[in-house]
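Throughout, read-outs are computed from the coordinates displayed, never taken from laboratory work. None of these values were measured; they are calculated from a predicted model. In this analysis, Cβ positions are derived from the backbone assuming ideal geometry, glycine residues included, and neighbour counts consider all displayed protein chains.
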Amino acid sequence: MSIFDDIRDGFDVDKDFTFDLKKAREELNSSDPISTILRGHLYIEHSLDEMLNIELKRPELINLSKINFSVKPKLCLALGIIDQRTSNICLKINKIRNSLAHHLDNNIDKSVLNDLLNEYHPEMRKKFIDFTENELKKTFGSCKSYYCYC
C-alpha cells in the first residue's frame, strides 16, 4: 500500500507520471528528514500537476505553475482524483515544507512526524515505521506503541 493506492482508478502511476518511481523512492529514502520533506513536496506537486493535466478537459487554459500548491490537492479532491486522506497528507506536507522554508532553524521533531503519520492509513503507517526501523535503522522508540495497526 502506498499513497498512490488512494488515487482514483484509471490513473496508471507508471504510465501517466513522467518521473521514475524507483528513482523517486531512492531519493525519498534519505536519512535527512528535511531533504525527504522537500523532495517529497516536489514530487507531490509534480504528481498533482500531472493528474490535473490528465483530468482537465482543456488544461492548456490553466497555467498550473501559477496556482498555489494548497489549491491543487483540493482541486484533485473536488474532481474525484484523490480521496480526503490523500488531500490531507498533501496539505500537511505543504505545511511542514512552508514551516521549514520560513524558519531555517526548524527541525522535524517527533510531534510533527506524528501529526503527519496520523493522516496515513494504518497499514501504510505501519509499513513506514517498519521500513524506517528495519531499513534505515532509525527508531521511533516509545512512539511505536502510539500507533494502532488494526
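So who's got an amide H within less than 5 Å of the one on I82, skipping anything under 5 residues away but keeping other chains? H placed 1.01 Å off N, in plane.
Counting only residues 5 or more places away or on other chains, the set is R8, L77.
Calculate the FRET efficiency for L64 and N118 from the Cβ-Cβ distance with a Förster distance of 30 Å, rounded to the nearest 0.05.
Rounded to the nearest 0.05, the efficiency is 0.55.
How much length would be gained if the chain were fully extended between D32 and K57, taking 0.36 nm per residue of separation minus their Cα-Cα distance, in nm to one decimal?
5.0 nm
Quick check on my link table: of K66/K95; K22/K72; K23/K57; K66/K126; K57/K95; K23/K92, which ones sit more than 28 Å apart, alpha carbon to alpha carbon?
Table pairs above 28 Å Cα-Cα are K23/K57; K66/K126; K57/K95.
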